[in-house]
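Please read the structure below before turning to the comments.
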Amino acid sequence: MPSKKNISSKLRTIKLLLLDVDGVMTDGGIYYSNRGDEFKKFNIKDGYGIMKLRRSGIQAGIITGRISNIVSRRAADLEIKEVHQNLDNKLAAYESIKQRLHLMDAEIAYIGDDEFDLEVLAEVGFSAAPADAVTAVRKKVDYICKVKGGEGAVREIIDMILDSKK
C-alpha cells in the first residue's frame, strides 16, 4: 500500500469519485419483502459526504453491475448525474465517462469491493475498498477503509479527498 504522503498526493488530483453500490454505498445486503419489494440501506453520512464533495466542485458517479430503481432514486436525491447500472463490463463504462468528461486516470478515484471492480480499480488514479472487500480487491487498492461498506466507507474517502485539497 502507498505511503500516507503518496496517498495525499494522489488524492489532490481527484476531480471525480466513482462508486460501486452493493458493498460500497450499502452493506451489500439485498432485502426483499413478502411482496417482492427490494430494499437497500444507504448510509446518511456517506450521502452528506457526497453533497460536500459536489459543493467543493468534485463530481461523483456510480458504476454498478445490478440495476435497481432504488439506486436511481438515491442518485437523484444526491444529484449524482453519472449513473451507470446493469453492467457486465464496468471498465467500458469507466472509459466512456473518462472520455466524455475529458479526465485523465489520475483525476479519478474509485471505491469497489469485489472482483467485478478490479479492472476499474487498476486504471484509476486512486483506488479504495471498504474494510470488508474481498481479499483480491484489498490486495490491489491504494487504500483500505477502516469501516465496512454501507457503514461510512464512502465518507471516509470523501473526507480524505477534501482534506488533501486544503
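No value in this document is a laboratory result; all are computed from the given coordinates. Keep in mind that what you see is a predicted model, and the values were worked out from it rather than measured. Neighbour counts are summed over all protein chains in view; Cβ atoms, including those assigned to glycine, are modelled from backbone coordinates with ideal geometry.
Where a ≥ b ≥ c are the square roots of the eigenvalues of the C-alpha gyration tensor, would you call region 105-166 rounded, which needs a/c under 1.5, or, failing that, prolate if a/b is larger than b/c, or oblate?
On the way: a/c = 2.30, a/b = 1.17, b/c = 1.96.
In terms of gyration-tensor shape, oblate.
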For region 65-166, listing GluC sites (Glu not before Pro) in a DSSP loop whose Cβ sees at most 13 other Cβ atoms within 10 Å gives 79
A correct Karplus calculation of ³J(HN,Hα) over region 104-118, with 6.51 cos²θ - 1.76 cosθ + 1.60, θ = phi - 60°, whole Hz and x for Gly and Pro, returns 9, 3, 4, 9, 10, 10, 9, 10, x, 10, 9, 4, 4, 8, 4
Fewest-first ordering of 121, 11 by Cβ atoms within 10 Å yields 11, 121
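Just subtract the alpha-carbon distance of residue 122 and residue 76 from 0.36 nm times their residue separation and send over the number in nm, one decimal. Don't skip to the answer; put the middle values down first.
Numbers: separation 46, 0.36 × 46 = 16.56 nm, distance 2.82 nm.
So the extension gain works out to 13.7 nm.
Classify region 41-156 as rounded, prolate or oblate, taking a ≥ b ≥ c as the square roots of the eigenvalues of its Cα gyration tensor: rounded when a/c is under 1.5, otherwise prolate if a/b is larger than b/c and oblate if not. Mind dumping the intermediate values first?
Values: a/c = 1.26, a/b = 1.05, b/c = 1.20.
It comes out rounded by the Cα gyration axes.
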Mean-square fluctuation maximum in Gaussian network of the chain, Cα pairs under 10 Å, restricted to 18, 78, 101, hits 101
Ranked by GNM mean-square fluctuation in the chain (Cα springs under 10 Å), the top entry among 73, 155, 100 is 100
Residues whose modelled amide H sits under 5 Å from the amide H of residue 61, counting only those 5 or more places away in sequence or on another chain, are 17, 18, 19
Expressed as a whole-number percentage, the relative contact order of region 4-164 with C-alpha contacts under 8 angstrom and at least six residues apart is 31
